[in-house]
1. Given a cut-off of under 8 Å on Cα pairs at least six residues apart, what relative contact order in percent is computed for the chain?
2. Going toward the positive end of the dipole of the chain, with +1 on Lys and Arg Cβ and -1 on Asp and Glu Cβ, which of 685, 124, 521 do you reach last?
3. Largest first, how would 38, 495, 754 line up by accessible area (1.4 Å probe)?
4. Roughly how many Å² of residue 711 are accessible to a 1.4 Å probe, to the nearest 10?
5. Say each of residue 342 and residue 384 gets a label point 7 Å from the Cα, pointing the same way as Cα to Cβ; how far apart are those two points in nm?
6. Check each of the GluC sites (Glu not before Pro) in the range 403-507 and keep only those in coil by DSSP with at most 16 other C-beta atoms within 10 angstrom; list them in order.
7. Round to the nearest 10 and report in Å² the accessible area of residue 316, as given by a 1.4 Å probe over the protein chains' heavy atoms.
8. Top to bottom by accessible area (1.4 Å), largest first, where do 324, 203, 595 land?
Amino acid sequence: MAASKRPPAHASWLPRGGSGANLFAWVIVALAFVLRLYRLADQNIWWDEGWTIWMGRMDPVAIALRTAVDAHPPLHYWLMHYWGRLAGTDVFVGRLLSVFFGALSLAVMYRLGAQAGGVRLGLLAAFLLALARFHVWWSQDIKNYTLAGFFGLAGTWFVLRLFQAHDRSTRPRWPLWVGYAASSLLAVYSHYLAWLLFLAHNVFAAIVLLARWRRAEHPWRGLASWAAAQAAIVGLFAPWLALHLNNATTWTAAPPVEPGFFLRLTGTLFALGVTRNLEAQSFAVAFLLGLAALGAGLALRRSPAARSRQAALLALLIVCLPPVVLYGLSFTPAAFFAPQLQPRYLLIFLPGFSLLLAMGLRALVWRWRPLGLTALVIAAALMAGSLSDYYRGRRLRDDYFTLANVINAFAEPGDGLLLHTDQEWPVLLYYLRNPLPWDGVLAGEALSPSMAAAMADKISARFRRVWLVTIPDALARDPQRLMAAELARRLAVQYDHTFGDKRLTLYAQSPELAQAVPAETFAVQHHHPEEFSPGLTLLGYDLPVDEPRAGDDVRLVTYWNAALAVTVQVELRDAAGITRAAETAPVPPGERVRVQTDVQVPADAPAEQTLVVIVPGELPEALAQIEAEPVALPPPEAGEIANPVDYTLGAAVHLVGHTLPQSRLVPGQVYPLTLFWRSAGPIEQDYKVFVHLVGGEFNPDLGNPLWGQVDRFPLDGAVPMPAWEPGTVIADHYLVPVDPDAPPGEYRLVVGMYDALSGARLPVYAQAGMLAGDEILINMVEVAPAP
């Protein structure tokens, strides 16, 4: 008798089946739910999420008509519509829908793994998917990826169940066929790229049916059923496809990335869910990919069980085929749907990798138990470590909260909103409790004087008062601030305040904006009633961020009932009660008076601090605990600076060197540049760095001589400039693009710094303290003729 292929008795590290396995499965699903719920609201809403919420507020017919011209089908928007009516549309509730489908995917993953190789494999595959940073990431986003992934995974389970060679059950199979068709149809109505999963299913079916035909097993009945299911899916999707093709926008694909980079990105995403600094993850990624390859290889070549071979084949097709097709689509110059290569598009195919990784680990445990268990621990530790890094990056920033609350508090009927530019309109509209009628200066288009005058005429004639929201993109489109000047010619400025890199201005003929919030619009984030003295009562406060970075401003808004004017003090105190930072806040008389105070977190302050308000003659009142996030400057670059210089920008910023590996540039390419900064003392605020490639001819698309440009904060904003340690040299890396249409010739590569809101550049001083203008010449470079 042949030797048994069952695992040895000592390999009972997981239950084999029954109620114990089901209990383990539900524990894993619960773990997945907790991991996806953790810090769910601790990330600012972004453009796509704001768009999804905005779409969900439409009625279902309007959603269908709007998505007919969009890049996504309507199912997720329909669900968001009814989910919003049931539970609300704040960011936590909106993301909770994705959490549900993400956690439910773990239950299907368990069933898929159990179908492929038993309940132990199912439990292991579900556990690995529960830890997957990539899956957690998009389970915490108001998008359609976990919805499409859930239905796609269900369809994959039905495919495997239908084609299991050993299944000779006499039970009717039509429920499986209906389940497969329904799951696949819901997947493609959730995301168009689910068709690539559908493609992998069909290639798998063709391989299995062909193998049966070669073994003379007469696969015609299975082929007929499969064809009927495909016809049902295509037929039920055809009406929507016809509507979409008749209305779809023509999309232009982004320039394709290098194949090697795409392969590294895909492997790193599947293994660790990371999209940056791929080289640093090479060892961990190679280890996890090696385990997955081992699982596929052993299952396909050595497994005596046909179901394991089929499962490995299906998983391998899901992992390999759709990404290759997706990469090919990125070369499409223009089509009704030519997707840019976004990492999130690969999420639907992640379960295939989790199954292969589980197969590899199970094979090692079966054959070499100590080695297998060691590999399992290492794999889980690598994935958990990547997930921990992801959570550390989830930090709220006050991008629009406080700004929007000014509009929420003081907007009146007949007011209008002008966005300059409209680049981030879905994000701002999310924060408005009662959205105003709005218009916007188009992002990506330079604003001419005539365009600014026409826009000012239009909006001042339409609205009695105009709220102008200015964001950094306006500086690139309107460097002369034409829009603000044109509005000021028609309406007086009644309120003007900056909120980080954004500005809010109210234009109206009515008197200056009062600080007392009307009763009908009064809303406070944290109620904190405290009577300090007769005639002075604290009502509560808004604190959008309680985990700031060192160097950031804590933006506190307090609300008061005050009979007389009083000046209070807001302090940050450490655990010993020592004041680390303080700002005064004048409180005018009135009811529901709104007072904003910005307190900067010192770079050397401890992590745990208390926000305290002090009224003269009263005991300090603690408002909230602040958990300051320490920031670490990157380690110094090895070796000497290639091109040392000594320029001072403003009062405390020094450029001490730069590295430009190439001085002959080619249009359409990007080139590395490293700038080395050093602070001579405290820096009060963040400044943006500009890197400009200036030619002798005007760029007709921009109306200026710039043929390459980078504008961003140093270190991409990772470390606020007020947190820079004096004397420390900071290496700041840039990739400078060269316009594809740049004419050949000699160009100047210049750099400098400017205020992100006003656009005012910092003055530049040479070594002798002589004023040298407002930019620094890095090098003269040559742009070669385009190839």
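1. Relative contact order of the chain: 8 percent.
2. 124
3. 38, 495, 754
4. Surface open to solvent at residue 711 totals about 50 Å².
5. In this crude label model, residue 342 to residue 384 measures out at 3.3 nm.
6. 445
7. 60
8. Ranked list, largest accessible area first: 324, 203, 595.
The values are calculated or read from the model by the stated rules, or taken from the named source; none is laboratory data. These numbers were taken from a predicted model, which means no experiment stands behind them. When we count neighbours, we look across all protein chains shown, and the Cβ atoms used for this are built from the backbone with ideal geometry, even at glycine. Please note that ligands, DNA and RNA were not included when accessible areas were found on the heavy atoms of the full protein model with its side chains. Shrake-Rupley method; radii C 1.70, N 1.55, O 1.52, S 1.80 Å.
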